[in-house]
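Trainee: Below: one structure in structure tokens.
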């Protein structure tokens, strides 16, 4: 084996890699915020069988969970323009991330909502708590506490899955890697570096969600 590693060929492209990291993290943050929001609404509609929204969310969840992320991305970016809905790469990638994560969060959070004992809800009603107070303090918060590790893992999975957004020209981390590789012809070093960056991002994101997620989102001190 006469291959000589040369990581110095990547140094000139560090700003591009940095922009790719920022793009990836921005996509992930947007997907997480709105995806979890959709998941909360969908989980309640499905768990409490609120018609007709429970049927709508059931179809939505099955459609998203049983089709590839890349196909969903292509449908939004290439398919919707046929209906007159034109989105740029950022908008299409963001929308796909939100829709995808929202479907998975719906099922994850639904399991937590359904695990809430009926007796706790009845006790809250006996204390004259409003429906909003019951939902927030008796149903939603305990449900999120139960399933938060699963939500955090799904957010990390979606962050890693954002790499396919390079297929529509979104300038995230994998797009940067492809561009750099086409310029310096050091594919091994380039993609090894990007793989390490993804690994570090995944570990950091998981730790961040684990340490601060329950404190700021659920409200339970760590």
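Listed here are the residues, each with its yes/no results for (1) free of Cβ contacts under 8 Å to residues at least 40 places away in the same chain; (2) under 23 Å from residue 215 (Cβ atoms); (3) assigned to a helix (DSSP H, G or I).
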| site | (1), (2), (3) |
| --- | --- |
| 90 | no, no, yes |
| 94 | no, no, yes |
| 132 | yes, yes, yes |
| 137 | yes, yes, yes |
| 178 | yes, no, yes |
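Trainee: Could you count how many residues in segment 75-87 are surrounded by fewer than 21 Cβ atoms within 10 Å (Cβ to Cβ) and in contact with a helix residue (DSSP H, G or I) (Cβ under 9 Å, 6 or more places away or on another chain)?
Mentor: Residues in segment 75-87 being surrounded by fewer than 21 Cβ atoms within 10 Å (Cβ to Cβ) and in contact with a helix residue (DSSP H, G or I) (Cβ under 9 Å, 6 or more places away or on another chain): 7 in total.
Trainee: Would you be able to tell me the number of residues in segment 37-54 that are over 21 Å from residue 95 (Cβ atoms), assigned to a helix (DSSP H, G or I) and free of Cβ contacts under 8 Å to residues at least 60 places away in the same chain?
Mentor: 1
Trainee: Considering only residues that are under 14 Å from residue 96 (Cα atoms) and outside any helix (DSSP H, G or I), which ones fall in segment 1-36?
Mentor: none
Trainee: Here is a further query. Which of the following residues is farther than 23 Å from residue 23 by Cα, outside any helix (DSSP H, G or I), in contact with a helix residue (DSSP H, G or I) (Cβ under 6 Å, 6 or more places away or on another chain) and in contact (Cβ under 8 Å) with a residue 24 or more places away in the chain: 106, 116?
Mentor: Answer to the check: 116.
All of the numbers you see were taken from the coordinates with simple rules; none came from a lab. Quick caveat, the model's predicted, so the values are computed rather than measured. No Cβ is skipped: glycine too gets one built from the backbone with ideal geometry, and neighbour counts run over all protein chains shown.
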